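Accompanying notes for the structure given below.
Just so you know, all these numbers are worked out from the coordinates, no wet-lab data involved. It should be emphasised that the depicted structure is a prediction, and the values quoted were computed from it without experimental measurement. Note that each Cβ is placed from the backbone with ideal geometry, even for glycine, and that neighbours are counted across all protein chains shown.
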Amino acid sequence: MQSNRSLEFFDRQFRRQVEARDFELNPFEQLVLPHLSGTMLDFGCGLGNLAIAAARSGCTVSALDASPTAIGHLRDAARREALPVSAQLADLSTYRIAARFDSAASIGLLMFFDCSTARRQLDEIKGCVRPGGVAAVNVLIEGTDYMDMFDPAGYCLFSPAEILASFEGWQLLADARHVFPAPGDTTKSFMTIVARKPAT
Ligand SMILES: C[S@@+](CC[C@H](N)C(=O)[O-])C[C@H]1O[C@@H](n2cnc3c(N)ncnc32)[C@H](O)[C@@H]1O
């Protein structure tokens, strides 16, 4: 897998979190968790805190990420509790989702791709959800000016209108915006959408 600044940034962060045993759900994962059920895809799972929490609440989870530290940690954590979690290393910028899921979550991933890749992979995520199932997507949006974690070769700050339009026809279950201060007097602006695919 090709290395880039975002992947290195997160692998370093995950090593620090494993060392500190810092496995709290972030606010986006807390928002999304109650909507997940059945077979669940975690597309860009990071350390797998959401994957573990979803499996504890009854989901059968397939989790994907490019960070060896994160995937190694998640496999160990799932094995310790005998939870139904499969965790695989994958480059999600080119990944094609072959299976269908009752729920699919992608928290904090798509902004690390150039916009045409991000749009294509958003369609992959929506496409893998069964009729009547749920997709949960969290991205950084326009207004974000903290850039340290982006690879200069490509990133995408969606507009909220584009995200909402892409879920047209789905039942909106949650639409949340969060703005956090970041180093150097900058900010990170997030949007989290949870939506149910039409049943037919
Ligand atoms: C902001 S973290 C989010 C992790 C997790 N979903 C969470 O909420 O804690 C971004 C994740 O995207 C992953 N990532 C970035 N680019 C990737 C790529 N090309 N393929 C797979 N994973 C990638 C990173 O390894 C990292 O785990």
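Quick notes on this one:
- For the stretch 181-192, backbone phi angles converted through the Karplus equation (6.51, -1.76, 1.60; θ = phi - 60°) give residue-by-residue couplings of x, 10, x, x, 6, 10, 9, 10, 10, 10, 10, 10 Hz, Gly and Pro being listed as x.
- Residue-by-residue Karplus 3J(HN,Hα) for the stretch 38-54, coefficients 6.51, -1.76, 1.60, Hz, glycine and proline x: x, 6, 9, 9, 10, 9, x, 6, x, 5, x, 4, 5, 4, 5, 5, 5
- Chymotrypsin sites (Phe, Trp or Tyr not before Pro), loop per DSSP, at most 16 other Cβ atoms within 10 Å - longest free stretch of the chain: 96-200
- Ascending count of other beta-carbon atoms within 10 Å, so fewest first, for ILE71, ILE97: ILE97, ILE71
- DSSP beta bridges fully contained in the chain are about 50 percent antiparallel.
- Translational diffusion of the chain, µm² s⁻¹ [Kirkwood Rh, Cα pairs; Stokes-Einstein; 37 °C; 0.692 mPa s]: 194
- Cα-only Debye scattering, the stretch 126-195: base-10 log of I(q)/I(0) at q = 0.15 Å⁻¹: -0.56
- For ALA104, residues with placed amide H under 5 Å, excluding near neighbours: LEU41, VAL134, ALA135, ALA136
- The GNM of the chain, with springs linking C-alpha atoms under 10 angstrom apart, assigns the highest mean-square fluctuation among ALA135, ALA182, ALA20 to ALA20.
- Annotation: amide H of LEU173 within the under-5 Å range of VAL194, ALA195, ARG196, sequence separation 5 or more or interchain, hydrogens built in the peptide plane.
- Label-point separation, LEU173 to ASP114 (7 Å along Cα→Cβ), nm: 3.4
- For LYS188, residues with placed amide H under 5 Å, excluding near neighbours: PHE180, ALA182
- Value of relative contact order over the chain, rounded to a whole percent, pairs C-alpha under 8 Å and six or more apart: 19
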